[in-house]
Amino acid sequence: MKLLMTGASGLIGRALIENWREKGYQIVALSRYPQKNKRHRAELPGRWLAWPRTEKAWREALDGVEGIVHLAGAPLLGGLWTRRRRRVLYDSRVGTTQKLVQAVQTYKPDISFYIQTSAIGYYACDGADSLVEESPPGDGFLAHLTKDWENAAHPLRELGIPCCFMRLGMVLAPESWVIRLMKTALLMYVGGTVGSGRQIISWVHIRDVAGAFEKVMQ
């Protein structure tokens with residue numbers, strides 16, 4: 001299977017590639033830094049390409065692709081959400097999605113699925129005991145970002161392409177940002193209960209994320 005993938009160098013992307021390497025999948029990875037990733041991510045069973053800016057480049061990237069896995073997005077952790085930072089978070093998600101959708105609309109590759117990461121930030125954080133897919137969206141920055149992020153891909157459904165949005169919470173893995181941050185605090189003996197300790201935290205292990213992607217692709 002040949003897939004077009006964004007965000008291949010991230011935590012989820014690396015886990016998926018590890019699974020797909022044994023299955024013989026071929027990956028065309030779009031990246032802002034393709035040369036750097038070629039050197040440091042030699043395990044990728046495919047090619048690293050810069051984000052296309054010409055008709056020829058888009059045709060090359062989409063040639064023979066059977067599915068799209070869109071994982072791109074600047075990290076939410078690692079700094080204050082200033083106005084400038086929010087713009088980066090927005091453009092790296094909504095902007096890249098719009099470019100992919102426009103390319104698919106224009107060049108019409110024969111793809112059988114489109115999978116996009118999303119976030120539980122879509123939902124209202126009101127202390128509800130449980131949330132389901134149909135629960136209403138929230139009204140904060142993350143909720144608006146996530147809604148726009150998903151809505152940007154909806155035109156693909158008009159082309160008859162099945163779309164799946166993976167609304168993920170905190171993804172745990174030994175090399176994940178959140179674990180590295182928590183580990184530092186714990187090693188300094190300053191870790192422990194935050195506030196009441198009864199806050200709701202949605203998390204998922206990276207292996208389960210990889211398994212969920214595999215299930216959706218079937």
Here are the criteria: (1) among the hydrophobic types (A, V, I, L, M, F, W, C); (2) assigned to a loop (DSSP other than H, G, I, E, B); (3) open to solvent by 40 Å² or more (accessible area, probe 1.4 Å). Tell me which single one I161 does not satisfy.
(3)
Quick one: how many residues across the range 149-158 are in a helix (DSSP H, G or I), open to solvent by less than 60 Å² (accessible area, probe 1.4 Å) and more than 18 Å from S202 (Cβ to Cβ)?
2
If you scan the range 45-75, which residues turn out to be assigned to a loop (DSSP other than H, G, I, E, B) and touching a residue at least 40 places away in the same chain (Cβ under 8 Å)?
W51, P52, D63, G64, V65, E66, L71, A72, G73, P75
Filtering the range 9-26 down to residues that are surrounded by fewer than 19 Cβ atoms within 10 Å (Cβ to Cβ) and not in a helix (DSSP H, G or I), which residue is nearest to the chain's Cα centre (by Cα)?
G10
Could you tell me which numbered condition S118 fails, if it satisfies all but one of (1) at pLDDT below 95; (2) open to solvent by less than 60 Å² (accessible area, probe 1.4 Å)?
(1)
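For the range 64-85, give me each residue that is within 20 Å of Q116 (Cα to Cα) and open to solvent by 20 Å² or more (accessible area, probe 1.4 Å).
G64, E66, L71, G73, P75, L76, L77
The values are calculated or read from the model by the stated rules, or taken from the named source; none is laboratory data. This structure is a prediction, so every number in the text was calculated from the model and none was measured. Positions of Cβ are generated from backbone atoms using ideal geometry, with glycine treated the same way; all protein chains shown enter the neighbour counts. Surface accessibility is based on the protein's heavy atoms, side chains included, excluding ligands, DNA and RNA. Shrake-Rupley method; radii C 1.70, N 1.55, O 1.52, S 1.80 Å.
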